[in-house]
Amino acid sequence: MSDMKKTTESPLERLPEPLLAWYRLRARDLPWRRTSDPYPIWVSEIMLQQTRVAAVLGYYARFLEAFPSVEALAQAPEDRLLKLWEGLGYYSRARNLQRAARLITEERGGRFPDTYEGLLALPGVGDYTASAVASAAFGLPEPAVDGNVLRAVARLTDCRDDVLDPAVKKRVRAAVGAVMPRRAEDARVFNQAMMELGATVCIPGGPPRCGECPAAEFCRGRLRGTAETLPVRRAKKPRRVEERTVYVLERDGRIALRRRPETGLLAGLWEFPNTEGPPPDAASAADAVADWGLTAAEWREKLTARHLFTHVEWRMTGYVLRVRGPGAPELLWVDGPGLAECAVPSAFARYYAEARRLLGAETEHQRDR
Ligand code: SF4
């Protein structure tokens, strides 16, 4: 390529060659990058939605060990699936994985969709995931554009538009698609290389590491000194704060759990009984358990916790109580092993730890007797 041509090309047009060379030398060795089998690639992409690579690695290995094929996932008992997902959050991802696995086995004879449109039609698969799987598994030149890629492209092209605007995202997708290599073996790694650039070099929350970047020579954001101010994002709406009162109820060496509703936040998972609204004082907390057919026998502790969801923040006050009474049918009373089998979302981590401590202490106590 002549120098003349190079200077007239846009930064995006100049990107693929040095980016792929850099990726092949420097990329992190991640297990889903060692395969072109769409099943594990798809599982990794779903897990990586909203979750960092380091957090996903262990879950990915355990998940594929438990469900090594799309058929095994389709047949998995839901509780086992959710238990394996416990701690990753956004549980609808796990349910959608299984719905998609059932669709693939029942309606497609186990054959994975091998086009962008076919992948996009699967439950839980959006534009980004369909492109990521289409390229990594089938070598199709479909650009996958997430926050990492938007950030890198905005800096590279010195784009001052709001990257949260869907029209801007659409434009970026088209622009990246136009320069994406057509050769299957390059298309296969191009999206991964873009993600790697955004995740390890053109990083969020700090100055980009331009000294290590394969695009430094022609990056407009770096050359014009604007990179650190990009990308532009309009202010997000603050999270809605929700106060909740959580009850860790212990009766005869067992702890009460109940199922969350089948729809909405954390649908169908297990939780400690809780009520909406600010916490009552200790006396009214004891009264409140009467609603579950229980009587407070001993007041133990008050534990506060906070959990951030995408749009909501829970501020929780927990009451740890020893109780008596038959209890409402909605309550499931579990011992230590029973608790370990139930998928309890990490929003309740502090109460889960307390329940485990109580059950452990209870076991010791019973042994002593
Ligand atoms: Fe990002 Fe710097 Fe690379 Fe530009 S040169 S793409 S700002 S890391």
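The values are calculated or read from the model by the stated rules, or taken from the named source; none is laboratory data. These numbers were taken from a predicted model, which means no experiment stands behind them. Neighbour counts run over all protein chains shown; Cβ positions are idealised from the backbone, glycine included.
Assorted remarks:
- So VAL172, is it touching a helix residue (DSSP H, G or I) at 6+ places or on another chain (Cβ under 7 Å) and more than 13 Å from the ligand (Cβ to nearest atom): yes
- Test: GLY221 is within 12 Å of the ligand (Cβ to nearest atom), at pLDDT 90 or above and part of a helix (DSSP H, G or I): yes
- VAL189, sole failed condition from (1) aliphatic (A, V, I, L, M); (2) within 14 Å of the ligand (Cβ to nearest atom); (3) closer than 11 Å to LEU19 by Cα; (4) in contact (Cβ under 8 Å) with a residue 60 or more places away in the chain: (2)
- The set of residues from segment 171-185 being crowded, with 19+ Cβ neighbours inside 10 Å and in a helix (DSSP H, G or I) comprises VAL172, ARG173, VAL176.
- Among residues of segment 195-218 being touching a residue at least 24 places away in the same chain (Cβ under 8 Å), assigned to a loop (DSSP other than H, G, I, E, B) and more than 7 Å from the ligand (Cβ to nearest atom), the one that is nearest to THR129 (Cα to Cα) is PRO204.
- Tally, over segment 110-162, of residues that are among the aliphatic types (A, V, I, L, M), more than 16 Å from the ligand (Cβ to nearest atom) and part of a helix (DSSP H, G or I): 8
- With respect to the conditions (1) farther than 18 Å from PRO143 by Cβ; (2) within 19 Å of the chain's Cα centre (by Cα), VAL70 lacks only one, and its number is (2).
- Out of LEU257, LEU265, one residue alone is assigned to a loop (DSSP other than H, G, I, E, B) and either among the aliphatic types (A, V, I, L, M) or without any contact (Cβ under 8 Å) to a residue 12 or more places away in the chain (or both). It is LEU265.
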